[in-house]
Amino acid sequence: MSEHYFSQNPSSPHSERSVWISALGEKLLFTTDAGVFSRDGLDSGTRILLEALPPLSGRVLDLGCGWGAVGCLLAKKYPEAEFLLTDINQRAVELSQRNLQENGLKNAAAIQGDGFSSVTGAFRWILTNPPIRAGKAVIYSLFSQARSFLEPEGALVIVIRKQQGAKSAENYLRELYSQVECLDKSGGYWVLMAGCGKCDD
């Protein structure tokens, strides 16, 4: 089967389920479905990403949001921040929209788009668990494009398996950004934060 979770319109038969997710001191009920990433619950990489994040504020982009785990949990934890969730997968976006609504999260919205294609404005934070199976060219393009959507003091934060190219990804980020920091290395994953650090301080 050639279809992946990053297909624009999954043809997999629907098979919805309800999943409780607890993270960051929050507990939310999500609806997931076939044809989306990690339909059974929060995957290890995403949990490690969430737990490694510093406190968030301002505009936050959840890039490749899937059914909305990251965006929803963070929107709940940081009600004063503004969240935008985006994914190429239309089914995933519809699930994110439902999960935001059903959890009463009015400080977030979800839109469909390939990478940054539907995104406008600048963000303090861009967060992603990139679609490794889409290939290096695809995910490296996302890392590069992110620069144009960051505020001057903004940062891109990614999680990637060590065995799936974490060190290479770190090296590439250092070519693009003046400041790159590893926030965490655990469970076989690296959480990398990259920014241009244009502030004067």
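The values are calculated or read from the model by the stated rules, or taken from the named source; none is laboratory data. Predicted, not measured: the structure shown is a model, and the values here were computed from it. So basically every Cβ, Gly included, is an ideal-geometry build from the backbone, and we count neighbours across all protein chains shown.
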Quiz prompt | Scope segment 58-101; condition among the polar types (S, T, N, Q) and within 11 Å of the chain's Cα centre (by Cα); matching residues | solution = T86
Quiz item: Among strands (runs of 3 or more DSSP E) lying entirely in segment 67-171, which contain 2 or more residues that are surrounded by fewer than 17 Cβ atoms within 10 Å (Cβ to Cβ) and not polar (S, T, N, Q)?
Solution: 108-112, 150-161
Practice problem: Of the conditions (1) at pLDDT 95 or above; (2) under 17 Å from the mean Cα position of the chain (by Cα), V36 clears all except one; give me its number. | Solution: (1)
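Is there a residue being surrounded by fewer than 17 Cβ atoms within 10 Å (Cβ to Cβ), not in a loop (DSSP other than H, G, I, E, B) and not hydrophobic (A, V, I, L, M, F, W, C) anywhere in segment 193-200? Can you show your working first?
If we filter segment 193-200 for residues that are surrounded by fewer than 17 Cβ atoms within 10 Å (Cβ to Cβ), which is where we start, we get 197-200.
With the extra rule that they be not in a loop (DSSP other than H, G, I, E, B), the set shrinks to none.
Checking segment 193-200: not a single residue is surrounded by fewer than 17 Cβ atoms within 10 Å (Cβ to Cβ), not in a loop (DSSP other than H, G, I, E, B) and not hydrophobic (A, V, I, L, M, F, W, C).
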Quiz item: Across segment 148-171, which residue is nearest to M193 (Cα to Cα) among those that are touching a helix residue (DSSP H, G or I) at 6+ places or on another chain (Cβ under 6 Å) and at pLDDT 95 or above?
Solution: L156
Quiz item: Restricting the first residue to segment 22-34 and requiring it to be part of a loop (DSSP other than H, G, I, E, B), which pairs with a second residue that is of a type in the set (A, V, I, L, M, F, W, C) and modelled with pLDDT of 95 or more meet a Cβ separation below 7 Å and a spacing of at least six or different chains?
Solution: L24/L50; L24/L73; D33/L95
